[in-house]
1. Closer than 22 Å to B:L233 by Cα, in contact with a Leu (Cβ under 9 Å, 6 or more places away or on another chain) and either within 14 Å of chain B (Cβ to nearest Cβ) or not in a helix (DSSP H, G or I) (or both) - does that describe any residue in region A:90-103?
2. Read through the list (1) part of a helix (DSSP H, G or I); (2) more than 9 Å from every other protein chain (Cβ to nearest Cβ), then give the number of the only condition that B:V96 fails.
3. Could you check how many residues of region C:230-241 are more than 20 Å from the chain's Cα centre (by Cα) and either in contact (Cβ under 8 Å) with a residue 40 or more places away in the chain or in a loop (DSSP other than H, G, I, E, B) (or both)?
4. From the set of residues in region C:103-112 that are assigned to a helix (DSSP H, G or I) and open to solvent by 70 Å² or more (accessible area, probe 1.4 Å), which is nearest to B:V253 (Cα to Cα)?
5. Looking at C:A199, is it touching a strand residue (DSSP E or B) at 6+ places or on another chain (Cβ under 8 Å), modelled with pLDDT under 90 and buried (at least 18 other Cβ atoms within 10 Å of the Cβ)?
6. Working only within region B:99-121, note down all residues that are in contact with a Ser or Thr (Cβ under 7 Å, 6 or more places away or on another chain) and either of a type in the set (G, A, S) or without any contact (Cβ under 8 Å) to a residue 40 or more places away in the chain (or both).
7. Residues in region C:168-186: is at least one β-branched (V, I, T) and assigned to a loop (DSSP other than H, G, I, E, B)?
8. Within region B:37-59, does at least one residue satisfy the condition of being open to solvent by 60 Å² or more (accessible area, probe 1.4 Å), under 30 Å from A:L125 (Cβ atoms), among the polar types (S, T, N, Q) and part of a helix (DSSP H, G or I)?
Amino acid sequence: MAQRRRSRGRPDQRRTLVRDLALGAGGLILVILVWQLATSLHWVSPRSMPQPLDVATALVRLLGDGAFWAACGSTIFSSLVGIGICIVIAVPLSMAIHANEFVRESTWFVIEFLKPVPGVAIIPLALLLWGPTETVKLFLIVFGALWPLLTQFNYGLREVPGTAIEMSRVYRFTGAQRSGRIVIPSLMPFAFTGLRITTTLALIIAIVAEYIIGVPGIGALLALAQTNGVLDRMYAVMVVAGLLGLLFAWGVSALSRPLLFWHASERERVGR
Amino acid sequence: MNGLLRSLRLLVLRAWLPIGIVVAWWLVSATSTSFYFPPLQEIFLEIWNQWILGPRLVSDLLPSLADFAIGFFTAILLGTVIGVLIGRSAIGQATVAPIINFFRALPSPALVPIMLALFGIGPNMNIAVIVVGAIWPTLLNTVDGVRALDTQVREVTRSYRLTRWQTVSQVVLPSAAPQIFAGYRISLQIAIILIVVSEMVGATHGLGYQVIESQQLFRVTQTWAGTIILGVLGYLLTSAFLLVERRVLAWHVRMRIATGAG
Amino acid sequence: MSESPILELQGLRKSYGRSEVLADVDFAVHRGEFVCVVGPSGAGKTTLLKCIAGLIRPSGGRAVFEGEEVSEPPARLAVIFQDYSRSLLPWLTVEKNLLLPLKKPKFPRATRARLIEESLENVGLSGKGRLYPWEMSGGMQQRAAIARGLAYQPDVLLMDEPFAAVDAQTRIDLEDLVLEMRRRLDMTVLFVTHDIDEAVYMADRVIVLSGAPARVARDIRVDLPAERDQVRTKNLARYGELRAEVFELIQAAKQAANTGRIPAP
C-alpha cells in the first residue's frame with residue numbers, strides 16, 4: 001500500500017514507520033482475537049471454522065511434512081515455467097505484431113477477445129480433451145496468462161516515446177542501439193505491469209487446476225484436506241497460498257527495482 | 001467521407017481474421033469424425049437450442065449472472081465505502097494494511113474450500129466467495145486513491161469550509177476515481193474467475209456447474225458449448241465495464257490528452 | 001481611523017519540531033486596505049498565510065479575524081492559492097467550480113447563479129463558465145480561481161503568490177485586474193509575494209518579513225498615488241525609493257539568515 005510521502009526529516013519518518021508497524025501488528029492481533037472469539041463463542045459453528053491455534057499448529061505440522069514441500073515446489077515450479085513460456089512467446093510475438101500495421105490490426109480482435117477469458121473456464125474442456133496431466137496444467141497456465149502479458153507488451157511498444165525515437169534518428173543510432181537503449185528500457189514499466197498480472201494469474205490457474213484436476217500441488221492439498229474434512233489443515237494451506245502470493249508479488253517488485261529505478265512510478269514509491 | 005472510409009477499412013482489417021478463423025473451424029470440423037472435436041455447427045446449435053432459446057437460459061445462465069452481479073456489486077460497493085473510511089484515517093490505514101495486503105496477494109480461489117465449509121453448496125456460497133475474494137483490489141485502490149488526495153486540493157476544500165459529505169462526494173471520490181476504477185477492473189476479473197470456479201466446485205446449477213458436469217459425463221459438444229459461452233460472457237462483461245469506465249472518467253481522459261500528460 | 005482592524009496578528013509563532021518558522025509576527029490590516037507581505041524565499045510567508053487562513057494551528061500567539069481568534073477557516077475569508085492547476089477541480093467546469101463553495105445555506109439558491117455570473121464578469125471570463133479548467137490558459141485558470149474567491153463574498157481575500165506561476169505578460173494583466181477588482185468591490189486584500197516590484201506596485205502597505213524565523217522587519221506605508229499604472233507609477237521616483245528600501249531590507253534579511261543576526265527594525 002502506498003505510504004504518504006513525508007518531507008519533514010529523518011526522525012519524523014522513523015517514528016511514523018514504527019507507529020505504522022505497531023498499528024499493523026495491532027490490526028493483525030485484533031483480527032485473530034475476533035476470530036478466536038467467533039469460534040469460542042460459537043458465532044460460527046466449529047465444524048465450519050477452526051480455531052486460530054489449531055490452524056497455527058496445522059501450519060507447523062505442514063512445514064514438517066515432506067509431501068507439503070513437494071506440493072509447494074510443484075505449484076511454484078509450474079507457475080514459474082508457465083510464466084517463462086509466456087514471456088518467451090510474448091516478446092517476439094509482440095514485436096512481430098507491432099512491426100506491421102496489417103498484422104497489428106488483424107490480430108487485434110483475437111487478442112482483445114482472449115484477454116478477458118478466464119483461464120479457469122478452459123479447465124473442463126482441456127480436461128476432456130487431454131486428460132489430467134501436468135502438461136495440461138502447464139498449457140492452462142500459459143493460455144490463461146499469455147494474453148494480458150501480450151497486451152501490456154503491445155501497449156508498451158506503442159508508447160515508446162516518439163521524441164526518443166526521433167532523437168535516435170537524429171543521432172543515427174543503429175537498429176541494435178535503438179532496441180537496446182530506447183525500446184527495451186521504455187518497455188520495462190509496461191513489461192513489469194504485465195508481469196505482475198501474469199504472475200497473479202499463473203498462480204491462480206495453477207492452484208485451481210490442481211484443485212479440480214488433482215495434479216500435485218497446493219491446490220490438490222486443499223482438495224484433499226477438504227474431502228477429508230480436515231478444516232485446520234485446509235485453513236493452513238490457504239495461509240500458505242497467501243504467502244506464496246506475497247512471495248511472487250515481492251519477487252516481481254524486487255526484480256523491478258534495479259530495472260525501473262528511473263521511472264516516475266518507482267521514484268514516487270521510494271519517495272524521491 | 002475520408003473518415004468513414006478509414007473506419008470501414010479498419011473494420012475490415014480487424015474483422016477478417018476472427019471471421020476467417022470461425023469459418024475455417026466450421027468447415028474443417030464439419031467433416032470431422034473425431035469424438036473430441038465435433039462440428040462447430042453442432043456446437044452452435046447446442047448453444048442456440050439449450051442456452052439462448054432453451055431451458056438452460058432460465059435454469060442456469062440467468063441465475064449465474066444474477067449471483068455474479070450480486071457478488072460483484074456488493075464487493076465493489078463495500079470496497080469503496082470501507083476504502084473511503086479507511087483512507088481518510090492515517091491510523092486506520094496503517095492498522096489494516098497487513099490484512100489487506102495479505103488478502104490481496106492470496107490467490108482468490110483458495111477461499112472456495114473455506115467458503116464451502118462455511119456456507120455449503122449453493123448460491124449463497126457463490127456470492128459470498130465473490131464478495132470476500134473480489135473486494136480487496138477495490139479496497140486497496142480506494143484507500144490509495146483517497147490518501148493520494150492532493151494537499152492543495154485538501155486545503156482548498158478546507159478553506160472554503162466544505163462539509164464532510166461535500167468533500168467526500170464532490171472532491172475525494174472524483175479525484176480518486178481513476179484509481180478506484182482501476183481497482184474495479186481487477187475486482188471484475190477476480191469475480192469472473194470466482195463465479196466460474198465456485199460453480200464448478202460448489203453448486204447444483206449454473207453455467208460453471210453445467211460445464212464441469214458435461215465434462216464429467218463426457219458430453220463433448222456440451223462442454224465445448226459451455227466453454228464458449230463462458231468465454232463470450234467474460235468478454236462481454238469486461239467490454240461493458242470498460243464502456244462504463246470510459247463514460248465516468250471522460251473528464252480524466254480528455255484532460256490527459258489536453259495537458260499531454262503521460 | 002479608529003475603527004478596529006479587520007485582521008490582526010498578535011505575536012504569532014509557528015515551529016515545526018525544532019525549527020522555528022515564524023517568530024512573533026505582529027501587524028494589523030484595516031478594512032479596505034491592500035497589504036502586501038514580502039520576504040526572502042523560505043521565510044515562511046506561506047506558513048503565515050495558512051495560519052491566518054486557519055489551515056494551520058499556530059504554535060503561539062494568535063490571528064484575530066473580525067474580532068474572533070482564528071482556529072479553523074473563517075467563513076468570511078477566501079484564499080487564492082498559487083498553483084491554480086491543483087486548486088481548481090479538474091472534473092468540474094469553471095461554473096461548477098465556482099458553485100461548489102456556494103452550496104451552503106448562507107447562499108440561497110436563487111442568488112448563486114447571479115453571483116457566479118458577476119464574478120466571472122469581474123475577472124473577464126464571461127461566457128467561459130462551461131469550459132473545464134484544463135481547457136484554458138494558465139492566466140485564465142488563475143482568473144477562475146480568483147472568481148471563485150470573489151463569488152464566495154469574503155470580507156478579506158488572501159492571495160498566496162498567485163501570479164508566481166504565470167508568465168510575465170499575464171502577470172501584468174492579472175495585477176491590474178486585482179487592483180481594478182479591489183477598487184470596484186472595495187475589497188480588503190492580503191497579498192503574499194516574493195516579487196518586490198509587484199508588492200510596491202499594488203500595495204497600500206508593504207510588510208517586509210525577516211528571514212527565518214520570520215518577524216516583521218518593517219511596515220512601510222506606500223505613499224504612491226492611489227491610481228496605479230504599470231508605466232507611470234513605475235516611473236515615479238518615489239516608486240524607485242520604496243522599491244530600494246524593500247530590496248535592501250530583504251537583502252539584509254537574507255544575510256542575517258546566513259549569519260544568524262536579525263536586522264534592526
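1. Start the filter on region A:90-103 by keeping residues that are closer than 22 Å to B:L233 by Cα, which leaves none.
So far as region A:90-103 goes, no, none of its residues is closer than 22 Å to B:L233 by Cα, in contact with a Leu (Cβ under 9 Å, 6 or more places away or on another chain) and either within 14 Å of chain B (Cβ to nearest Cβ) or not in a helix (DSSP H, G or I) (or both).
2. If we test B:V96 against (1) part of a helix (DSSP H, G or I); (2) more than 9 Å from every other protein chain (Cβ to nearest Cβ), just (2) comes out false.
3. Step one: of region C:230-241, the residues more than 20 Å from the chain's Cα centre (by Cα) are C:231-241.
With either in contact (Cβ under 8 Å) with a residue 40 or more places away in the chain or in a loop (DSSP other than H, G, I, E, B) (or both) added as a condition, the list becomes C:231, C:236.
So the count comes out to 2.
4. Step by step, filter region C:103-112, then rank; the result is C:R109.
5. On the way: touching a strand residue (DSSP E or B) at 6+ places or on another chain (Cβ under 8 Å): yes; modelled with pLDDT under 90: no; buried (at least 18 other Cβ atoms within 10 Å of the Cβ): yes.
So C:A199 does not fit the description; no.
6. B:A117, B:L118
7. No, the conditions are met nowhere in region C:168-186.
8. We begin by selecting, within region B:37-59, every residue open to solvent by 60 Å² or more (accessible area, probe 1.4 Å); these are B:37, B:41-42, B:44-45, B:48-49, B:52-53, B:55, B:58.
If we keep only those that are under 30 Å from A:L125 (Cβ atoms) too, we end up with B:37, B:41-42, B:44-45, B:48-49, B:52-53, B:55, B:58.
Checking the rest, the ones that are also among the polar types (S, T, N, Q) come to B:41, B:49.
Filter once more, keeping what is part of a helix (DSSP H, G or I): B:41, B:49.
Looking through region B:37-59, at least one residue is open to solvent by 60 Å² or more (accessible area, probe 1.4 Å), under 30 Å from A:L125 (Cβ atoms), among the polar types (S, T, N, Q) and part of a helix (DSSP H, G or I).
The values are calculated or read from the model by the stated rules, or taken from the named source; none is laboratory data. Computed from a prediction, not measured in an experiment: that's the story for all the values here. Note: ideal-geometry Cβ built from the backbone for every residue, glycine included; neighbour counts use all protein chains shown. We work out accessible area using only protein heavy atoms, side chains counted, and drop any ligands, DNA or RNA first. Shrake-Rupley method; radii C 1.70, N 1.55, O 1.52, S 1.80 Å.
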